[in-house]
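Could you have a look at this structure, given as structure tokens, before my questions?
The values are calculated or read from the model by the stated rules, or taken from the named source; none is laboratory data. All of these numbers come straight from a predicted model, not from anything done at the bench. Every residue, glycine among them, receives a Cβ derived from its backbone with ideal geometry; neighbour counts consider all protein chains shown.
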Amino acid sequence: MAINSPQYSESAKDFLLNFSYPEDWATWNNGKSSVIGFNLKSFPDDLIFEASVLPFTIPDRLPTQEIKFSVNGHYIDNITLTEKRIQKIAFVIPNAVLKEGINSLLFEFPNAATPKELGIHEDTRQLGVAFEWFKIDKM
């Protein structure tokens, strides 16, 4: 199984929550948290989540962007991004937290902010990271 984004189809919208509209190059999260839902028929192995992201950071105003990850209510990991450049992130999803049917991958962005409140643009979306692509696959 592999899920790729951000150029998702209309049917994929049912599995994405609190993501902005797809732009030509990426899709921003929109809010303090975002969710990716994915359906599993079986899960004998751990999975890996990989993504290419650009953090919304502004030197001297918003120097870091933290991402906390959980799956089906189980904390998995967190990372702090400090450089405003596209970078790859990855983490393992242990099969012990997976279930048959729809699984929920929650991203929390405690530092998400709007460009408007930072005084750099009129954009009112609450941005944490832009996802250039992501995939969930077997290890």
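Taking Lys68, is it among the basic types (Lys, Arg) and not in a strand (DSSP E or B)?
Considered against the rule, which asks whether it is among the basic types (Lys, Arg) and not in a strand (DSSP E or B), Lys68 comes out as no.
Going by the structure shown, is Lys116 at pLDDT below 95 and either assigned to a loop (DSSP other than H, G, I, E, B) or over 13 Å from the mean Cα position of the chain (by Cα) (or both)?
So Lys116 fails the test.
If you don't mind, another one. Could you check Arg125 against (1) modelled with pLDDT of 95 or more; (2) in a strand (DSSP E or B) and say which number it fails?
(2)
Report yes if some residue within region 58-75 is at negative phi, surrounded by 16 or more Cβ atoms within 10 Å (Cβ to Cβ), in contact (Cβ under 8 Å) with a residue 60 or more places away in the chain and not aromatic (Phe, Trp, Tyr); otherwise report no.
Within region 58-75, one or more residues are at negative phi, surrounded by 16 or more Cβ atoms within 10 Å (Cβ to Cβ), in contact (Cβ under 8 Å) with a residue 60 or more places away in the chain and not aromatic (Phe, Trp, Tyr).
Identify all residues within region 88-119 that are surrounded by fewer than 16 Cβ atoms within 10 Å (Cβ to Cβ), in contact (Cβ under 8 Å) with a residue 12 or more places away in the chain and closer than 17 Å to Trp28 by Cβ; write none if there are none.
Pro110, Leu118
What number of residues within region 47-65 are in a loop (DSSP other than H, G, I, E, B) and touching a Lys or Arg at 6+ places or on another chain (Cβ under 7 Å)?
1
I would also like to ask the following. Give the residue that is surrounded by the most Cβ atoms within 10 Å (Cβ to Cβ), with candidates limited to residues of region 3-46 that are part of a strand (DSSP E or B) and modelled with pLDDT of 95 or more.
Within region 3-46, the match that is surrounded by the most Cβ atoms within 10 Å (Cβ to Cβ) is Asn29.
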